[in-house]
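Down below is the structure, laid out as C-alpha cells.
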Amino acid sequence: MRFYRRPLQEIMDALTASGLAVMQMSEGQIQEEQKELFGDRYDYLSKNTNFIFMKCVKL
C-alpha cells in the first residue's frame, strides 16, 4: 500500500481552499478485537496511527 503523507497544514490548506470546513477529525485506531489477528504488531499499530479521518462540510 502506498502512503500519502502530507503535513497537517497542507491538508487543511487544501480543504479550506476548496471551501470545506472540518466538523470532526479523528485518528484511526486499531480495535482490541484485532489483537489476535495482528499478534505482536498490535502494540505498534495501537500506538502509531497511520490514518486521519475528517468529516467536512461545504461552506
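The values are calculated or read from the model by the stated rules, or taken from the named source; none is laboratory data. Because the structure is a prediction, the values reported are computed rather than measured. All Cβ positions, glycine included, derive from the backbone under ideal geometry; neighbour counts span all protein chains shown.
Here are the numbers for the structure shown:
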read-out	value
Residues that are β-branched (V, I, T) and out of contact with any strand residue (DSSP E or B) (no Cβ under 9 Å at 6 or more places or on another chain), drawn from segment 17-45	I30
Residue, modelled with the highest pLDDT, within segment 31-59, restricted to residues that are of a type outside the set (S, T, Y) and in contact with a helix residue (DSSP H, G or I) (Cβ under 7 Å, 6 or more places away or on another chain)	C56
Filter result (surrounded by 10 or more Cβ atoms within 10 Å (Cβ to Cβ) and assigned to a loop (DSSP other than H, G, I, E, B)) within segment 32-59	T49, N50
Residue count for segment 8-30, restricted to those that are touching a helix residue (DSSP H, G or I) at 6+ places or on another chain (Cβ under 9 Å) and not in a strand (DSSP E or B)	2
